[in-house]
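Only the coordinates and a few stated rules stand behind these numbers; no lab work does. Here the structure is a predicted model, which means the values were calculated and not measured. Here Cβ is always computed from backbone atoms with ideal geometry, including for glycine, and neighbour counts include all displayed protein chains.
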């Protein structure tokens, strides 16, 4: 077992995003939220696919640009004439004379080259590919933003489940302590069997909640490992608690910029609109003439008899210009331009609708953040009051001034107050993470 722990630690230290000095508790690797995000951005398959897709589109752009370079090709041909062609000529006296043309073997070999000189449509097509690269880069950023949001929410949910489990375990330990006290009192004859049974029932009633919390924690850890692209067999533990994020809340709230300048949905729609405008330019460029240069260098040979001798090579060469100007194509170009213009107009309306919806989402998340802050302040006071009430009730119970039911009600009230406190912190963190995702200003996805 110790050997496995050593291997895990060594692997993390060699990992490009791991932090030196990893803390390991037992067989579990302790990870902060920052470490989880960095591991996910490095190992998640979606991020790797996005990187490969950007690389692919870059090669596609190079492919299109390659059409502007000279295209050179080599060719060779051999023909064996089984029967020579005969042509007939009139001799002037009403008769005709047949003459056989060609030789048994014909060879040709050479090079040809073409160079586009004026190609307006191709030039504008390059702009389309450049825009496509920008779209892929923005799509990769959108996936990173989504991944960061998912990792954050999964980590916060894990912290909530873990902290809730600890609260329930504390309540269970308190109930167990009370049950032990009653058991001793029963043995001394100062407590009834009913009191012992009632105390043990209180302990038993909490055990299903603990088991459910433990199963929830295991499931959330597995979900987090999937998002990070980690081996499911590795054991992980969060090294933070919800309380650790409380001190940063007010500073983050004051610094929140609700501008949608970096929103990935709007940026994608802007790029798509620009793409459609460039499509219009490409279609308009199809009206323009194209000019290309060409050249040929050939060697030809003809001979009779064996195909491996009697060669008579002659060289020929030529250069030229080709001008092409499409005049009428059945209104195809005009209709294509109209289609692209309509699509660009549709994208403008889609962007306007999306912006309205996003403003509503931002306002909703800001309201949730403010509401959560107020709940945290209220629950903080509630926990303090519940703890004080629990202490008073404990003393009262010890001197016989309070019943067991009153004591258990106070303990349950303290447990619920702590659970509500952690729930409020969790609500704030999730709302902040969702707001960061909508605004697109995560520092991990710049």
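Helix content alone sets the calculated 222 nm mean residue ellipticity of the chain: runs of n ≥ 4 DSSP H residues at -39500 (n - 2.57) each, divided across all residues, give -23000 deg cm²/dmol.
Calculate how steeply helix 120-188 sits against the longest principal axis of the alpha-carbon atoms of the chain, using the helix alpha-carbon long axis, and give the answer as 0 to 90 degrees to the nearest 10. Orientation of helix 120-188: about 20 degrees from the principal axis. Here the extension length gained between residue 46 and residue 341 equals 102.8 nm, from 0.36 nm per residue of separation less the Cα-Cα distance. Over the chain, with a Gaussian network built from C-alpha contacts below 10 Å, which listed residue (322, 32, 265) shows the highest mean-square fluctuation? Residue with maximal mean-square fluctuation among 322, 32, 265: 322. Between 98, 66, 110, the GNM of the chain built on Cα springs shorter than 10 angstrom shows 98 fluctuating the most.
Once you have a ≥ b ≥ c as the square roots of the Cα gyration tensor eigenvalues for segment 149-273, tell me rounded if a/c is under 1.5, and otherwise prolate or oblate according to whether a/b is larger than b/c. It comes out prolate by the Cα gyration axes.
Largest GNM mean-square fluctuation among 344, 213, 384, using the chain with Cα springs under 10 Å: 384. The ranking of 331, 437, 245 from fewest to most other beta carbons within 10 Å of each one's beta carbon is 331, 245, 437. One chain, two ends: residue 27 and residue 71. Fully extended at 0.36 nm per residue, the span grows by 9.6 nm beyond their Cα-Cα distance. What the Cβ-Cβ distance of residue 114 and residue 277 gives, at R0 = 41 Å and to the nearest 0.05, is a FRET efficiency of 0.85. Legend: ranking of residues 359, 172 from fewest to most surrounding C-beta atoms inside 10 Å; resulting order 359, 172.
Modelled this way, with points 7 Å down the Cα-to-C-beta line, the labels at residue 367 and residue 166 are 3.4 nm from one another. A simple spin-label model places pseudo-atoms 7 Å from Cα toward Cβ; at residue 354 and residue 84 they are separated by 7.4 nm.
Compared with the dominant principal axis of the Cα atoms in the chain, helix 193-228 is inclined by about 20°.
Here the calculated FRET efficiency for residue 63 and residue 416, from their Cβ-Cβ distance with R0 = 45 Å, stands at 0.10, rounded to the nearest 0.05.
Spin-label model, residue 137/residue 123: points 7 Å from Cα along the beta carbon direction are separated by 2.4 nm. Rounded to 0.05, the FRET efficiency of the residue 55 and residue 288 pair, given R0 = 45 Å and the Cβ-Cβ distance, is 0.85.
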